[in-house]
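This is the structure, below, for whatever I ask next.
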Amino acid sequence: MKRAMHSKLAGLGAVVIALAAGIAQAEVSSTITIASDYDFRGITQNARSAAYQASLDWSGESGLYAGLWGSNIDFGDDLNFEVDLIAGYGGSITEELAYDVGGTYYKYLGDTTDPVSVDYYELYAGLSYEAVSGKVWFSPDFGNSGDSAWYAEANGDFPVGAGVNFVVHAGYNGGDYWKNDDNGLREFFDYSVGVTRSFGKFDFALKYIDGSDLKEADCSRSGVECTNDVFSSEGKIFVSVATTFPWSKD
């Protein structure tokens, strides 16, 4: 299984690097990321293990954009790879105020011929004003569960000197999916604080991420012995490094 997952990751990385390097147009780019975890709204998506991620992104002069993003995952079953299809439209209302609307389709892949399907889509709308932004996400069928869910988030990205930015995030997971007794879950809050800095062509991030308000998935508070870290919401230190192609000549 690990060999197949690594093969998929290597294949995706090779494709996006080749496409990004071969296209000189500025509106096409690709970002490669290595991170200590794949965190999704306070919950690990790969059992608190290293994440290898790649994207292929296109943006037009009109404000339209589209993207393809992939990462390894560990859902504790045969699902071990995620591919997201993204499309949206963004623009400026004033010099400082901007908006963003669009949707994401989440596709989950596995090594078996008939893995359990948790594919779903979300719609989103957001506003940003200088260093702060907010966004609301909604899915009518979150995780292919039949229940709706929404997510509201606020983010800040503030320069503090010497090329360092202080970044902060707060989000709330709500909706029927998180209130369904069959899931054994409930609505919860997540947050992160940290710093980012670029060195040459590489962007580094160091954060503390915490989704432990979801006590049912927090191994340190659940009161039961956790046999693995699948879907853990326990607080963690997160580090990542990313680079975006094509590299500038500067």
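Where does each of Arg221, Arg48 land when they are ordered by accessible area, with a 1.4 Å probe and the largest first?
Details: Arg221 135, Arg48 80 Å².
Most to least solvent-accessible, the answer reads Arg221, Arg48.
Based only on Cα atoms, what mean projected area does the convex hull of region 157-250 have, in nm²?
So the Cα hull casts an average projection of 8.6 nm².
Here is a further query. Express the accessible area of region 175-250 per residue in Å², computed with a 1.4 Å probe while the remaining protein chains stay in the model.
Details: 4570 Å² over 76 residues.
Result: 60 Å² of accessible area for each residue.
Report the extension gain between Ser145 and Ile237 in nm, rounded to one decimal, defined as 0.36 nm multiplied by the number of residues separating them, less their alpha carbon distance.
Numbers: separation 92, 0.36 × 92 = 33.12 nm, distance 3.04 nm.
Between Ser145 and Ile237, full extension yields an extra 30.1 nm.
In nm², what is the average projected area of the convex hull enclosing the Cα atoms of region 62-129? Walk me through the intermediate numbers first.
Numbers: hull surface 22.4 nm².
Quarter of the Cα hull surface area: 5.6 nm².
Taking 8 Å as the Cα distance limit and 6 or more residues as the minimum spacing, I'd like the relative contact order of the chain as a percentage. Present the calculation step by step, with values, prior to reporting the outcome.
Working: 617 pairs, mean separation 40.9, N = 250.
Over the chain, the number comes to 16 percent.
Applying 1/(1 + (r/R0)^6) with R0 = 45 Å to the Cβ-Cβ distance of Lys249 and Val118, what FRET efficiency is obtained, to the nearest 0.05?
On the way: r = 43 Å, r/R0 = 0.96.
Result of the calculation: an efficiency of 0.55.
Sticking with this structure for a sec: Assuming 0.36 nm per residue, please report the length gained on full extension of the stretch Leu127 to Phe199 beyond their Cα-Cα distance. Walk me through the numbers on the way to the answer.
On the way: separation 72, 0.36 × 72 = 25.92 nm, distance 2.88 nm.
Between Leu127 and Phe199, full extension yields 23.0 nm more.
Another question, if that's okay. Bins of 5 Å, beginning at zero and ending with the bin holding the largest distance: percent of Cα pairs per bin for the chain, please.
Taking every Cα pair in the chain, the percentages come to 1, 6, 11, 15, 20, 20, 15, 8, 4, 1, 0, 0.
Which pairs in the list Lys135/Lys207; Lys207/Lys249; Lys107/Lys215; Lys107/Lys207; Lys135/Lys179 are over 24 Å apart, alpha-carbon to alpha-carbon? Mind dumping the intermediate values first?
Numbers: Lys135/Lys207 20 Å; Lys207/Lys249 30 Å; Lys107/Lys215 27 Å; Lys107/Lys207 27 Å; Lys135/Lys179 22 Å.
Lys207/Lys249; Lys107/Lys215; Lys107/Lys207, as the Cα separations exceed 24 Å there.
To continue, here is another question. Lys236: which aspartates and glutamates have alpha carbons under 16 Å from its alpha carbon, excluding same-chain residues fewer than 8 sequence positions away?
The qualifying aspartates and glutamates are Asp37, Asp39, Asp190, Asp210, Asp213, Asp218.
Using the alpha-carbon centroid of each, what span in Å lies between region 64-110 and region 174-250?
17 Å
Under the rule of -39500 (n - 2.57) per DSSP H run of 4 or more residues, summed and divided by the residues of the chain, what mean residue ellipticity at 222 nm is obtained, to the nearest 500 deg cm²/dmol? Intermediate values should be presented prior to the final figure.
Details: 2 runs with 25 residues, N = 250.
The helix contribution divided over the chain gives -3000 deg cm²/dmol.
May I pose another question? List the GluC sites (Glu not before Pro) within region 61-138 that DSSP assigns to loop and that have no more than 10 neighbouring Cβ atoms inside 10 Å.
Details: sites: Glu61, Glu82, Glu95, Glu96, Glu122, Glu130; in loops: Glu61, Glu95, Glu96, Glu130.
For GluC sites (Glu not before Pro) across region 61-138 that sit outside H, G, I, E and B with at most 10 neighbouring Cβ atoms in 10 Å, the list reads Glu61, Glu95, Glu96.
Shifting gears a bit: For the ranges 152-159, 187-194, what's the packing order if you count other beta-carbon atoms within 10 Å of each residue, average per peptide, and put the highest first? Numbers along the way, then the final one.
Working: 152-159: 14.5, 187-194: 18.6.
My ranking of the peptides, most packed first, is 187-194, 152-159.
So if each residue of separation counts as 0.36 nm, and I subtract the Cα-Cα distance between Thr94 and Ser59, what length gain in nm does that give?
On the way: separation 35, 0.36 × 35 = 12.60 nm, distance 2.00 nm.
So the chain would gain 10.6 nm between Thr94 and Ser59.
The values are calculated or read from the model by the stated rules, or taken from the named source; none is laboratory data. All figures in this text were calculated on a predicted structure; none of them were measured in a lab. Here the Cβ is made from the backbone with ideal geometry for all residues, glycine too, and neighbour counts use every protein chain on show. For the accessible areas, the whole protein counts, side chains as well, though only heavy atoms, and no ligand, DNA or RNA atoms are used. Shrake-Rupley method; radii C 1.70, N 1.55, O 1.52, S 1.80 Å.
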